[in-house]
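Participant: Structure below; questions to follow.
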Amino acid sequence: MRVLVLAPGSTGDVAPYTGLGQRLREGGHHVAIAANERFRSMVTGAGLEFRLLRGDPEPGNTGECGRRWHAGGTGPLGQARMVRVLQNYVDSVSEDFIPAVRTGTDFVLLNTVALFTGYDVCEGLGVPSAGAFPSPVHPTGDLPPAALGLPSLGRTVNRALDRVALAAGAQSFGRTSRRLRSRLGLPHVRPASLWSRLQAQEWPAFDGFSSAILPRFSDWPPSAQVTGTWWPATPDGWRPDPRLQDFIDDGDPPVYVGLGSRSLPDPDAALSVVRESLRRAGLRGIVQSGWAGLDGGEADDRILTIGEVPHEWLFPHMAALVHHCGAGTTAAGLRAGVPTVGLPVLADQPFWASRLVEVGVSPGAVPLRHLSTDRLADALTAATRDGRYRRRAEELQRIVRAEDGAGRVAEALPSLV
């Protein structure tokens, strides 16, 4: 079978599908991933076909609009800014879904960003599809929407909020959806109504997270399968930079600090807080620069700044992790069996940060908008000196490592065509 993954978005929207694609390829399928040009080497390095999506996700994260979005966090202002960022990005990227799907495709897996307009294209071209989501998407009464980062407000309110959040998010795709459906000869359907249709017809969806951190919701439809995490592929022949290996070997285990594809209004100020927090806690640090631009600063032999390094290799060497709590980084920390201090910024990140606290591997999150030396230093001290967090992380590590998320997708896929 010729399988295409439509994977618009930033690193966390693409990387999980490289490992999933490898597993599908081992099962005899031809796998392609459609993504931005910056991810070409990531895809081809995993032995998969690359198809181009021209819209660039970086300006929405690191440009002025993206910085304002991140500053708004997960409140109403942040959600409104998220809609504007998504409108611009989805409008620029979705036109390329059509040639990507037309280029020899029997089945399409849609990531979260591709959900609505990707389904439009698949419907118009007559190609079957399924969702492949690293974070929960289906409405539930068990918890409020992941993107809002709220505590449970009761089943009725939770479900109502889920429907409202889904409709608001779908609104950002409406303009592009209308254009695509018109071009493909399809009747107009509002994106929020489309989701209801998908649920009614039991459209299949795979949820690529671990039951160790989030058990399957009790009121989800049978078509929603929680598979376990899909791990990014590690490039063949990858070896750590000797400078990194020497730093790890030359002292106590350090703390990892990284924000992935998130941007910061003032990277230097954030780096100063990180540096002082590590000093107060008596810890060394490895800072991944990422799209946040956590580079430079004063020379310090107790802190090393790095670029891209596979989390699969890096995290097991760490005393603790400090990160934005994206779904993929959260899962990688669980697999490594290492405590975490969350620095959630927006979208589903506060949700995953709260789940880490709930399952006992984190002493608490420090939302990036409230980052201070006192709060981060206290959290780091707890994470590294209170053995309960390490022991619990190692317990969950065994569960996560035993799951075969990609294998479950590979097993189910033939029955969906």
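The values are calculated or read from the model by the stated rules, or taken from the named source; none is laboratory data. Quick caveat: nothing in here was measured; it's all calculated off a predicted structure. All Cβ positions, glycine included, derive from the backbone under ideal geometry; neighbour counts span all protein chains shown.
Participant: From the list A347, A365, pick out the single residue that is within 16 Å of the chain's Cα centre (by Cα), outside the structural domain of L24 (by TED's automatic domain parsing), of a type in the set (A, V, I, L, M, F, W, C) and within 19 Å of I213 (Cβ to Cβ).
Facilitator: A347
Participant: In the range 384-417, what residues are of a type in the set (D, E, K, R), over 19 Å from V255 (Cβ atoms) and more than 20 Å from the chain's Cα centre (by Cα)?
Facilitator: If the condition is that a residue be of a type in the set (D, E, K, R), over 19 Å from V255 (Cβ atoms) and more than 20 Å from the chain's Cα centre (by Cα), then E395, R398, E411 are the ones that fit.
Participant: Does at least one position in the range 372-384 carry a residue that is out of contact with any Ser or Thr (no Cβ under 6 Å at 6 or more places or on another chain), without any contact (Cβ under 8 Å) to a residue 24 or more places away in the chain and either more than 20 Å from G282 (Cβ to Cβ) or not assigned by TED's automatic domain parsing to the domain that holds V274 (or both)?
Facilitator: Within the range 372-384, not a single residue is out of contact with any Ser or Thr (no Cβ under 6 Å at 6 or more places or on another chain), without any contact (Cβ under 8 Å) to a residue 24 or more places away in the chain and either more than 20 Å from G282 (Cβ to Cβ) or not assigned by TED's automatic domain parsing to the domain that holds V274 (or both).
Participant: Another question, then. If I ask for residues that are outside any helix (DSSP H, G or I) and surrounded by 12 or more Cβ atoms within 10 Å (Cβ to Cβ), which ones from the range 239-251 would you list?
Facilitator: Selection gives P240, D241.
Participant: Tell me, which residue of the range 1-52 that is β-branched (V, I, T) and touching a strand residue (DSSP E or B) at 6+ places or on another chain (Cβ under 8 Å) is nearest to T234 (Cα to Cα)?
Facilitator: T18
Participant: Please give the helices (runs of 4 or more DSSP H) falling wholly within the range 318-411 in which 3 or more residues are small (G, A, S).
Facilitator: 327-336, 373-385, 387-402
Participant: Going through the range 185-203 one residue at a time, which ones are in contact (Cβ under 8 Å) with a residue 12 or more places away in the chain and closer than 22 Å to L86 by Cα?
Facilitator: Once the filter is applied, which keeps residues that are in contact (Cβ under 8 Å) with a residue 12 or more places away in the chain and closer than 22 Å to L86 by Cα, the range 185-203 yields V189, R190, P191, A192, L194, W195, L198.
Participant: Filter the range 177-232 for residues that are outside any loop (DSSP other than H, G, I, E, B), among the hydroxyl-bearing types (S, T, Y) and within 15 Å of P139 (Cβ to Cβ) and give the result.
Facilitator: Result: S193, S196.
Participant: Follow-up. Out of the residues in the range 109-129 that are of a type in the set (A, V, I, L, M) and either within 14 Å of the chain's Cα centre (by Cα) or crowded, with 22+ Cβ neighbours inside 10 Å (or both), state the one that is farthest from L416 (Cα to Cα).
Facilitator: V113
Participant: Looking at L259, L180, L278, which one is surrounded by 20 or more Cβ atoms within 10 Å (Cβ to Cβ), within 18 Å of the chain's Cα centre (by Cα) and touching a residue at least 40 places away in the same chain (Cβ under 8 Å)?
Facilitator: Matching residue, one of L259, L180, L278: L259.
Participant: Okay, moving on. For the range 73-98, name all the residues that are β-branched (V, I, T), at pLDDT 55 or above and either buried (at least 20 other Cβ atoms within 10 Å of the Cβ) or not in a helix (DSSP H, G or I) (or both).
Facilitator: Passing the criteria: V85, V90, V93.
Participant: Could you go through the range 156-163 and let me know if any residue there is in contact (Cβ under 8 Å) with a residue 12 or more places away in the chain and outside any helix (DSSP H, G or I).
Facilitator: Checked against the condition, which is being in contact (Cβ under 8 Å) with a residue 12 or more places away in the chain and outside any helix (DSSP H, G or I), the range 156-163 yields no hits at all.
Participant: Let me ask you something else. Quick one: in the range 407-417, which of the residues that are out of contact with any Asp or Glu (no Cβ under 9 Å at 6 or more places or on another chain) and in contact (Cβ under 8 Å) with a residue 40 or more places away in the chain is farthest from G19 (Cα to Cα)?
Facilitator: L416
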